[in-house]
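This report concerns only the one structure given below.
Please treat every number below as a calculation from the coordinates, not as lab data. Quick caveat: nothing in here was measured; it's all calculated off a predicted structure. Positions of Cβ are generated from backbone atoms using ideal geometry, with glycine treated the same way; all protein chains shown enter the neighbour counts.
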Amino acid sequence: MNYEQFFADKIAELEAEGRYRVFADIERQAGKFPKATVHAKNGESKEITVWCSNDYMGMGQNPVAVKAMRDTAQGYGVGAGGTRNISGTMHEHVLLEESLADLHDKESALIFQSGWVANLTTLSTVASMIPGCVIISDSKNHNSMIEGIRHSRAEKHIFRHNDLEDLENILKSIDPSRPKLIAFESVYSMEGDIGPIKGICDLADKYDAMTFIDEVHAVGLYGKRGGGVAEREGLMDRITIIQGTLAKGYGVIGGYIAGTKAMCDFVRSYGTGFIFSSSMPPAVAAAARANVNYMKEHNELRERHQERAATLKKRFQDAGLPVLISESHIVPVMVGDAVLCKQASDDLMALHNIYVQPINYPTVERGTERLRFTPTPHHTDALMDELVAALVEVWGRLGLKDAA
């Protein structure tokens, strides 16, 4: 077999479908977010405005976190030295886990290298080791949750997205004596809709099931202290396992779970994705903790964030653009064609110095391709003026569909 030809052919397939992903070579500018510099292959560079960052609050450039990272790196060095089991548990890890447990009003927390690893490790470990466990998963759960469920090899059922009736019908069909885990998200990051947390918790109580909530697109952004949608709705105490990230609302890197001491210790002791991964650099943990603690005290940033998202949605609506109105901070504008979606993204960058990445299959279903905007507290009215004008120009020139 010609292996190199196989690799090249598979890449060519992506290019033909308009799904080949090109990474923008970006240099962030500390203190000027959401401005950044993009570097082209020909060596040229220019300033752009970033409209698609998952650093939803601009906390990646928070001076408090930058100082915490710098000071800790000077004290610890730049690495942790091993896995958590082999000399790699630093005091900064312990302090971060204590802060996260406090954030969610839980007994304990456990940090991972990423939210993806946290989901995969926790779901695969819990569901594989509880005898006879059945997982009931929302149809639009993130890839990391799907992979965790798949690796668990547990029996699984998929319920229609946010459909409590379908969820209950599945729960009714399962032997009442079998252990069950309902896996779902709070904010779904492509549509921007929010899971019916209370209804799921009510069904979990009724059918004796555990609950696993992915709050990665909500922690830092919702609730008086940033504990997520479950905090906002007063439901954290009803969730068995809360999973979150430090890479989005908190602007750093890493993932975590929070729950009872026994549950976190169980995953710590049996989860291979935790046991065999080198631990987070202590300077990273310090920066993450600085931002978690900062956000607990600055609810005004969350209020500003929600206002900015609502304002952008209305601006898009008023301009006749096909914005998908969501109940969260996610602002998707629908294109419905992979090639045109990438072309719109390329034109916005080349002609208007605006960066928004095209969202194509497999991230979303074919025919639902979109541009996904994530306004932050730092996106001003003037930046919105520039964005709306640019989108109207690109939409008209490419003949894209307006709002119905």
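Taking 56 Å as R0, compute the FRET efficiency from the Cβ-Cβ separation of Val64 and Leu351 and round it to 0.05. Before the final figure, lay out each step's value.
On the way: r = 37 Å, r/R0 = 0.66.
My answer for the efficiency is 0.90.
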So what does the Cα-only Debye profile of region 1-108 read at q = 0.14, 0.15, 0.16 Å⁻¹, as log10 I(q)/I(0), no solvent term? -0.94, -0.97, -1.00
Just the ratio, please: alpha-carbon radius of gyration of region 156-293 over 2.2 N^0.38 Å, N its number of residues. 1.12
With only alpha-carbon atoms in the gyration tensor, what are the semi-axes of the equivalent ellipsoid for the chain, in Å, largest first? 34, 27, 22
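Return the loop-located trypsin sites (Lys or Arg not before Pro) in region 317-404 (DSSP other than H, G, I, E, B) with at most 15 other Cβ atoms within 10 Å of their own Cβ; answer none if there are none.
Values: sites: Lys342, Arg366, Arg370, Arg372, Arg397, Lys401; in loops: Arg366, Lys401.
Listed in order of number, the matching sites are Arg366, Lys401.
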Apply the Karplus parameterisation 6.51 cos²θ - 1.76 cosθ + 1.60, with θ equal to phi minus 60°, to every residue of region 173-186 and state each ³J(HN,Hα) to the nearest whole Hz, in sequence, with x for glycine and proline. 7, 8, 3, x, 7, 7, x, 9, 9, 9, 10, 7, 10, 8
Sketch the reach of a paramagnetic label on Asp237 as a point 7 Å from Cα along Cα-to-Cβ, and name the residues of region 76-119 whose backbone nitrogen lies under 12 Å away. 105-106
Using alpha-carbon positions, what is the distance between the centroids of region 342-392 and region 5-32, in Å? 16 Å
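Please sort by residue number the GluC sites (Glu not before Pro) in region 221-316 whose DSSP state is loop and whose Cβ has at most 10 other Cβ atoms within 10 Å.
Values: sites: Glu231, Glu233, Glu297, Glu300, Glu303, Glu307; in loops: Glu233, Glu297.
Passing sites in region 221-316 are Glu297.
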Considering amide H positions built from the backbone, and no H for Pro or chain starts, which residues 5 or more places from Phe159, or on another chain, come under 5 Å of its amide H? Ser137, Asp138, Ser139
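Please give the charge dipole size of the chain, origin at the Cα centre, charges +1 on K and R Cβ atoms and -1 on D and E Cβ atoms. Round to the nearest 20 debye. It would help to have the intermediate numbers written out before the result.
Working: 43 positive and 53 negative charges, 111 e Å.
My answer is approximately 540 debye.
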If you split all Cα-Cα distances of region 67-172 into 10 Å bins from zero, what percentages do you get per bin, shortest first? 13, 30, 32, 16, 9, 1
Filter the trypsin sites (Lys or Arg not before Pro) in region 25-131 to those in DSSP coil with at most 10 other Cβ atoms within 10 Å of their Cβ, and list the result. Lys41
In sequence order, what are the phi-derived ³J(HN,Hα) couplings for region 361-367 according to the Karplus relation 6.51 cos²θ - 1.76 cosθ + 1.60 with θ = phi - 60°, rounded to whole Hz, with x for glycine and proline? 4, x, 5, 10, 5, 4, x
Run lengths n ≥ 4 of DSSP H only: what is the helix-derived mean residue ellipticity at 222 nm for the chain, with -39500 (n - 2.57) per run over all residues, to the nearest 500? -13500 deg cm²/dmol
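If you average the sequence gap of Cα pairs under 8 Å that are 6 or more apart and divide by the length of the chain, what percent do you get for the contact order?
Numbers: 792 pairs, mean separation 84.6, N = 404.
With pairs under 8 Å counted, the relative contact order is 21 percent.
Taking 0.36 nm per intervening residue step and subtracting the Cα-Cα distance, what contour gain separates Gln74 from Ile26 on full extension?
Numbers: separation 48, 0.36 × 48 = 17.28 nm, distance 2.66 nm.
Stretched out fully, the Gln74 to Ile26 stretch lengthens by 14.6 nm.
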